[in-house]
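Nothing in this text is a laboratory measurement; each read-out follows from the coordinates by a stated rule. All figures in this text were calculated on a predicted structure; none of them were measured in a lab. So basically every Cβ, Gly included, is an ideal-geometry build from the backbone, and we count neighbours across all protein chains shown.
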Amino acid sequence: MKSTFVLSFFLLLSFLSHAQTTPFQWQQVATGVWKATVGKPEAISPLGVADVKPRVEALQKLGTPTFPTELKESKSERTDGKVYLRFPLERSEQLYGLGLNFKSVQQRGTIKTLHVDHYGGKDDGRTHAPVPFYVSDRGYGVLINSARYVTVYAGSAVRKDSKNPPEEMNRNSQKNWNSQPYSDAVEVLVPATGTEVYVFAGKNAMEVVQRYNLYCGGGTLPPKWGLGFVHRMPTLFTDAQVMQEVNEFEAKGYPLSVVGLEPGWQSYSYPNSFVWDSTRYPQPKRLLDQLLAKNIRANLWINPYVSSHSPIYKNILPYTASHTVWVGVVPDFNLKPARDQFKKLFTERHLNIGVSGYKVDETDGYDRWLWPDVAKFPSGFSAEQVRQTYGLQFQKMSTDWFREKNTRTYGLTRASNAGASNLPYVIYNDYYNHKDFITALCNSSFIGVLWTPEARSSKTAEEWLRRMQAVCLSPMAMLNAWADGTKPWTFPEVADQVKDVMQLRMQLLPYLYTTFAQYHYEGTPPIRAMNLVEGFADAGTLIAGKLDATDNPYAQAVRKDVKDQFMVGDYLLVAPMFAEEPIRKVILPKGKWYDFYTGKFVGDGETITVDQSIKLDKIPLFVKDGGIIPMTSTTLHSPTQDEKLPLTVRYYGTLPGTFRLYDDDGETFNYEKGTFGWTLLEVNNRAGKQSPTQGIAWRYGPVRWEYMTP
C-alpha cells in the first residue's frame, strides 16, 4: 500500500515538473490586434517568412474594439516539449477558416492537423494553405503563428472539468442522443516549445477578416492585366505555336491577357534547368516582345527543384537539403546564398527580357513526391518547418524581384500559409471537383488567400460552360490547357456563351480592379463567403442525421452550410450552376435584389429558385438594391497604362447608391507613393453624378449611366 502511494506521489511530481500552465499575457500590437507569447517561439514562423508589415492607419480606421470578452478565460500549457492552447466557445457560436477547405465552410466540430499538402479529398487539415487561423461569428479571430503541423480540435472534445458540460444521455431510450456531445472550447496542440498567438477583434466576422488582412500588409493589388483572361499552353508548344494560338484567340474574338508556358519551355524539366529550350524557344525575348505588342504577358511554369543541367547547380549545391525531389536538389531558401542564386538566374534569364510572373508547382505534396520529414536542411530548420513555409517563401522572394523593378506580378502557387494576403499569388491544384472548387472559393475569403477554380477539360458541353462561367467570376480567370490543348471554343454548341462570359470578365474590369483595391486598402476580400455578408444569417443550424448502419451508424447531425454561392465585391452575388443540375436555390441576404442582366426585381431577403432547364444560358448574377456596377466596353486585352476606356455605370434598384471607383497605372508600385485616385459615383432619385478624381488623370471616357431597374 505504501509503495503504491509513493509511486503515485512521484508520478504526480513528474507530471507537475513537465506541465507548466501559463496564463496568456496579451499585448496590444495594433488597433484591434493583440499578441501573446507562450513559451519560447521558434525562429521561423509564417508571419516572419512573409515579412508582414501591418497597415497601421487602415487598422485604426476600422475603430477601436476592446479585447474579446469570450477569450478572457483562454489558457495555455506547456507539457512534454509541446504547447497546448484552449479557447472558450459559446453554445451557438460558429467558426470559419482553418485552412483552405473544399467540403465545408463552417468548421465547428471538426478536427484538423494543419499540414501543407496536396488536397486529398478530405477536409482533415492537409491542404494547400493550412492557415492556422479561425474566425468566430462573435467578432474575433485567433491565429497560431507556428510553422509546425498544428492540430486543432474546433469544438470537438469535452473535458471533465468543463464549466458547460453536455448532458449524459442514454442512446437506448433517448431519441435525441448525439454522437458528438456539445464542446465548449477550441483546443490546439502545437508540437513546439513555444508559439505566438494573435487575436483580431471586430464588430462582426467581416471586420475580423479585414483586420487580419490589414495586419498582414493589406490584400494584394494585382496588375490590371492579371485580371484579364489567362490561357496556359500545351506543355511542349513552340514559340510559333504559341503565337498561332494567340492569333486564333484574336481572330475568334476571345479575350486574352496572359499566356502561360508549361514545363516544355525549359531545356530540362522535372527537375528543372530554368533556362529556355533553344529548339522550341530560340529567341525568347522576341516572343515576349511580340506578346507585349498585343498587351499580352507571359507566365512561366516552374518548380524549385534544381537539375544538374541548370547553370546554378554547382553553386547552389551546398545550400540544399539532404533529400531530392525528382532527383533535383532542394534549395534552402532560408539561406541568402540560395535566394541570391535564384534571383540572379531568374532576373537575367526571365525578368530582364519581359517575363511577367510564375506558376510555382509542387511545393505542396503529396508526401511521396516531396522531401520526407526526416530530411535535413542546412539552415538547421526542420523538414516540417520548411514544408509549412516553402511556398510562402518563394512567393515572398519572387515578389521582391519584381518590386525591385517597380513592376507588379500576378502568379500561381500550390502552397501558402498565414501572412500571404499581400503576396500576388493565386492557389490552384490538380483536384477537379467543380462544386468543391466553389466551396474552396468561399473558404479562401476567411484566411487571406486567393483561389482559382481553373477550367481544364470537361466531359460535356454543359459542364464546360458551367466551369468557364464560374472561373470568370473568380480571382484568376484561367483555362489550363497544358495536358490536352482545350480551347474556349472546344465545345461549339456553347462557344458563344463561353465567349459571352469571358467578355463579361473584361467588361467588369473597373468593378473588379476596385474590389481588389478595397482588399489592399481596407482588407475586404474580393471574393466573400455569404457568412461574411451583412444581412445573411441562414446558416449554422443543425440538421438531424439519418441513421444508416453503414454510412451513418451514429446518426450524426450536420450543420446547414451555404457553400455554393458567394459575393464578388460589395454588390454582386454569384450563384454558379453545375452540370446536370438545371435548377438551384439561391439564398438572398436581407434587402431587395435584382437580376444583373435585366434589372428586374428577384426577391427580398428570401430563398429563390433559378431554373435553366429549358436553355443553357448565363451564370446567375444578382445585384443588391442601390448597387452600382461600373463597366467598360468589351476588349480583347487588358488596357495599357495610357489607354482610355469608355465607362458605363449600371445602377440597380431604388435606394440611393454610391461606389468609389479606384484607378492607378495598373502596372507599377507607384500607387504606394500616392499615385492613385478614387472617384465617387453616386445615384440619388435616378440621377447619377461623379466627383472629380484626385491625384491622377481620369483614364475613362465620358460616363454613360444605365438605370437597369424598370
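Structural remarks
- The stretch 198-244 versus the stretch 416-473: alpha-carbon centroid distance in Å: 11
- Cα gyration tensor shape of the stretch 628-707, rounded if a/c is under 1.5, else prolate or oblate by comparing a/b with b/c: oblate
- Among residues other than SER267 with Cβ under 10 Å from its Cβ, the summed charge is 0 (Lys and Arg +1, Asp and Glu -1).
- FRET E, pair LYS689, LEU292, Förster distance 30 Å, beta-carbon r, rounded to 0.05: 0.20
- Length gained on full extension, ASN247 to LYS160: 24.4 nm, using 0.36 nm per residue less the C-alpha separation.
- Rounded to the nearest whole Hz, the Karplus-based 3J(HN,Hα) values (6.51 cos²θ - 1.76 cosθ + 1.60, θ = phi - 60°) of the stretch 360-369 follow the sequence 9, 9, 6, 9, 10, x, 4, 4, 5, 9, with x at glycine and proline.
- For the stretch 269-283, putting each phi into the Karplus relation 6.51 cos²θ - 1.76 cosθ + 1.60 with θ = phi - 60° gives couplings of 9, 6, x, 10, 8, 6, 10, 5, 6, 6, 8, 7, 9, x, 10 Hz, in residue order, rounded to whole numbers and with x for Gly and Pro.
- Proximity of backbone amide H atoms, modeled 1.01 Å from N, is registered between THR110 and ALA154 at under 5 Å, excluding neighbours fewer than 5 places apart on the same chain.
- Shape category assigned to the stretch 211-278 from the gyration tensor of Cα positions, a/c cut at 1.5: oblate
- Amide H to amide H distances under 5 Å link LYS359 with LEU300, TRP301, ILE302, LEU412, where only residues 5 or more positions off or on other chains count and H is placed in the peptide plane.
- Highest-first arrangement of 615-626, 415-426, where packing means the average Cβ count within 10 Å: 415-426, 615-626
- Multiplying the residue separation of ASN315 and MET169 by 0.36 nm and removing their Cα-Cα distance gives an extension gain of 45.9 nm.
- Of the peptides 324-330, 355-361, the order by per-residue mean of other Cβ atoms within 10 Å, starting with the highest, comes out as 355-361, 324-330.
- In summary, the lysines within cross-link reach of LYS487, defined as a Cα separation below 17 angstrom excluding same-chain residues under 8 places away, comprise LYS252, LYS459, LYS499.
- Only Cα pairs under 8 Å and 6+ residues apart enter the sum, and on that basis the relative contact order of the stretch 44-88 stands at 25 percent.
- Of all aspartates and glutamates in the structure, those lying under 12 Å Cα to Cα from LYS35, and not within fewer than 8 positions of it along the same chain, are GLU196.
- Relative to the Cα centre, the charge distribution of the stretch 269-316, modelled as +1 at Lys and Arg Cβ and -1 at Asp and Glu Cβ, gives a dipole magnitude of about 120 debye.
- Three-way shape call for the chain based on the alpha-carbon gyration tensor, with the a/c threshold at 1.5: oblate
- Computed from the C-beta positions of ASP611 and TRP369 and an R0 of 41 Å, the FRET efficiency is 0.40 to the nearest 0.05.
- Gap separating the Cα centres of the stretch 283-336 and the stretch 599-650, nearest whole Å: 40
- For ALA321, distant residues with modelled amide H under 5 Å away: VAL330, ASP332
- Distance between modelled label sites at TYR597 and THR407, nm, 7 Å Cα→Cβ extension: 3.9
- Protection-proxy order for peptides 599-608, 218-227, 340-349, each taking the mean of Cβ atoms within 10 Å per residue, highest first: 218-227, 340-349, 599-608
- Sites matching GluC sites (Glu not before Pro) across the stretch 101-201 that sit in DSSP coil, with at most 13 neighbouring C-beta atoms within 10 Å: GLU167, GLU168
- Applying 1/(1 + (r/R0)^6) with R0 = 45 Å to the Cβ-Cβ distance of THR64 and ARG704 gives a FRET efficiency near 0.60.
- Derived scalar couplings ³J(HN,Hα) [the stretch 249-258; Karplus, 6.51 cos²θ - 1.76 cosθ + 1.60; whole Hz; x for Gly, Pro]: 4, 5, 4, 8, x, 9, x, 7, 10, 9
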